[in-house]
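The values are calculated or read from the model by the stated rules, or taken from the named source; none is laboratory data. Bear in mind that the values here come from a model prediction, so they are computed numbers and not experimental data. So basically every Cβ, Gly included, is an ideal-geometry build from the backbone, and we count neighbours across all protein chains shown.
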Amino acid sequence: MKIGIPRALYYYRFYPMWRTFFAELGQELIVSGPTTKEILDCGVKAAPDGLCLPVKVYLGHVRNLAAKGVDCLFVPHIVSVEKQEYICPKFMGLPDIVRNCLDHCPPLLSPTIDGRKGSRGIICSYLKLGSCFAPIHKVIHAYRLAAAEQRRCERSLIKEHNARQHPCTQKVGLTIAVLGHEYLLHDEFVSMGVINRLRQAECLVLTAEELMTDTIAEHNRFLRKRMYWTSGKRILGAAHYYSAKVDGIVSLMSFACGTDSMTTDLVDRHCRRSGIPHLVISLDEHTGQTGVLTRVEAFLDLLRRGRKHEDHLPPYGESVYCD
Amino acid sequence: MSRPVYLGVDVGSVSTNVALLDAECLKVVEKVYFRTQGQPILSLQRALSQIAGRGQWQVLGVGATGSARRLAGVILGADVVKNEITAHALAALHVEKAVQTIIEIGGQDSKLIILRNGVVTDFAMNTVCAAGTGSFLDQQAARLGIPIEEFGEIALKGRHPVRIAGRCTVFAESDMIHKQQLGHNLADILAGLCDAMVRNYLNNVGKGKEIREKIIFQGGVAANKGMRKAFESALGTEVTVPEHYDVMGAIGAALLAAEHLQSSKRTSFHGFTITESVYQNQSRDCRDCPNNCELVDIVKDGEVIASWGSRCGKADWGLDQISREASAFSAMMS
């Protein structure tokens, strides 16, 4: 069977797992291509007005796949991927959104993935999903391999991060943490290639995916109440961790994102308290890149000119804010 | 004898500004403020020919800024192409060393720049919408049938500014019409409009920023005395409008050029003869991938001198300005 996976939203987090799982079960996977203007336009046309940009992009990818002639689409109904946490409520309704916004939609494979009470819930839903395709012992084997592959990929990111030397010791170039949902950061089109632009400007770019879950948890302890959005938790924890280690933090958020409206503000407050320059870029359906470029360029100027003036010491230390 | 100067150009959405700085004392020698009127190249040529006609200049360096800075950079052969924020900050620092806050409201965007000890520490620009910028004031002045130049004077006479919704300019407009139909006088409505714009600015652009004295208000909208007064009463402190408030971006660009050429080299300025060239730009769509990027060819006297607009970068060339930006960065680092 040809199973279509839209290259959007949680593709950017769980693709290693999905790829292995379906391949082990002998299914053919078709992933939509990288986001283009055509896909975005398609999604914007299909979506009701109130949806956020990433979900519109997702709908565009779904349509793109439907046109490619897949037998069914993998649109999981994800409720929670970590214990006692949730993901964005819009994603929970994703299968329903897809069904209602698109005509002539291929059948959906939409298992409920709910890890609120622990990983057992997640395992059960994958086993149930897999048993549509193969006998249970094969499914268990496939899940084991898939979970191992996911862990391997996540670890390799962390390893790569640790392999780079301690960022603060680097004299040349700036170290910048780019924070945001992975489906914004790594979608070259939607993010207007911010990460690559920073790299081209000789910056070392760090993201939240490179940090261990424990590190994130540790740096979220300051919160009086637990952050129960998985993605928000990662962003905030990473902001705390990185604020002592980088020259500046760039937050990418999508306009009209509910969780971002809170986490970005928390990150902003934290940056102000710790005196770290912070740039917030809100992304929407704009395709003109000038606005983003100007902001990024000015932010780099701020960091570099600051360094120059203060003899390579960060200009934003405590003393600057004291009268 | 020709006078040595640095040339700064700021081609924005609404106005095109040119400033000449004396190479010795870096004071403004000449300035021109032109309406862009949707034709950045033509207005740039006009502004330059005006400047050229006012004396004999030996241009030592050229800087370009503003939203059409790449275009201006290619046409001029600029030595430095820089974003508006850096340019505005430098210009304000040049005028007033102790500045800690810069409020800049232009035609399409508004900015807030925070400085401490002469270094930019934070900045903000209006986000996805252009609410609360000069073009809104322009529109409303046109709707009320008063020249924009008189807007501020009339607003100053308002004794009891009416409350106008400031969140969105579309709301503001309907609210304003409502107040006008109730019979409030023009001065009070205009004063209310200024208050609403300032409120909007401080809530959006200024959200969470620490605005400290000394405050400099620049950009085209700073000409509006009503806006200045509204800022002063909202912030409870004095707001300074510098002498050359309308061309601060251009001054900043000229300063950047001066800084850039200090270390080295000769300028890459094409000379004032560019005012006589004919530019015929062509747009075309790239069909190589589904992105359908809109490309622009910059054509000078029948010859394509630059081209850009592709996301992948393969159709972009003639932009050694960009690499010049990069080298300006690395020069700053050393």
Taking A:Met227, is it touching an Asp or Glu at 6+ places or on another chain (Cβ under 9 Å) and away from chain B (no Cβ under 14 Å)?
yes
Do the conditions hold for B:Ile189, that is, is it assigned by TED's automatic domain parsing to the domain that holds B:Ile105, outside any loop (DSSP other than H, G, I, E, B) and without any contact (Cβ under 8 Å) to a residue 12 or more places away in the chain?
no
By my count, strands (runs of 3 or more DSSP E) wholly in the stretch B:4-116 with at least 2 residues that are under 30 Å from B:Lys207 (Cα atoms) and under 16 Å from the mean Cα position of the chain (by Cα) are B:15-22, B:57-65, B:101-105, B:110-116
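Out of all the residues in the stretch A:141-157, is one or more outside any loop (DSSP other than H, G, I, E, B) and within 14 Å of another protein chain (Cβ to nearest Cβ)?
Taking every residue of the stretch A:141-157 in turn, none turns out to be outside any loop (DSSP other than H, G, I, E, B) and within 14 Å of another protein chain (Cβ to nearest Cβ).
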In the stretch A:307-323, how many residues are closer than 20 Å to B:Val80 by Cα and either more than 9 Å from chain B (Cβ to nearest Cβ) or modelled with pLDDT of 75 or more (or both)?
0
B:Ala172 - would you say it is assigned by TED's automatic domain parsing to the domain that holds B:Asn117, small (Gly, Ala, Ser), more than 28 Å from B:Val120 (Cα to Cα) and buried (at least 20 other Cβ atoms within 10 Å of the Cβ)?
yes
Quick test of your reading of the structure: B:Val18 fulfils all but one of (1) in contact with a Ser or Thr (Cβ under 8 Å, 6 or more places away or on another chain); (2) within 18 Å of B:Tyr245 (Cβ to Cβ). Name the failing condition by number.
(1)
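To keep it simple, each residue is scored yes or no on (1) surrounded by fewer than 22 Cβ atoms within 10 Å (Cβ to Cβ); (2) out of contact with any Gly (no Cβ under 7 Å at 6 or more places or on another chain); (3) among the acidic types (Asp, Glu); (4) at pLDDT below 90.
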residue: A:Tyr11; (1), (2), (3), (4): yes, yes, no, no
residue: A:Gly69; (1), (2), (3), (4): yes, yes, no, yes
residue: A:Glu85; (1), (2), (3), (4): yes, yes, yes, yes
residue: A:Pro89; (1), (2), (3), (4): yes, yes, no, yes
residue: A:Gly93; (1), (2), (3), (4): yes, yes, no, yes
residue: A:Ile97; (1), (2), (3), (4): yes, yes, no, no
residue: A:His104; (1), (2), (3), (4): yes, yes, no, yes
Residue, surrounded by the fewest Cβ atoms within 10 Å (Cβ to Cβ), within the stretch A:287-306, restricted to residues that are more than 7 Å from chain B (Cβ to nearest Cβ) and not hydrophobic (A, V, I, L, M, F, W, C):
A:Gly288
The stretch B:61-103, subset of a type in the set (Ser, Thr, Tyr) and under 12 Å from B:Leu256 (Cα atoms), residue surrounded by the fewest Cβ atoms within 10 Å (Cβ to Cβ)
B:Thr86
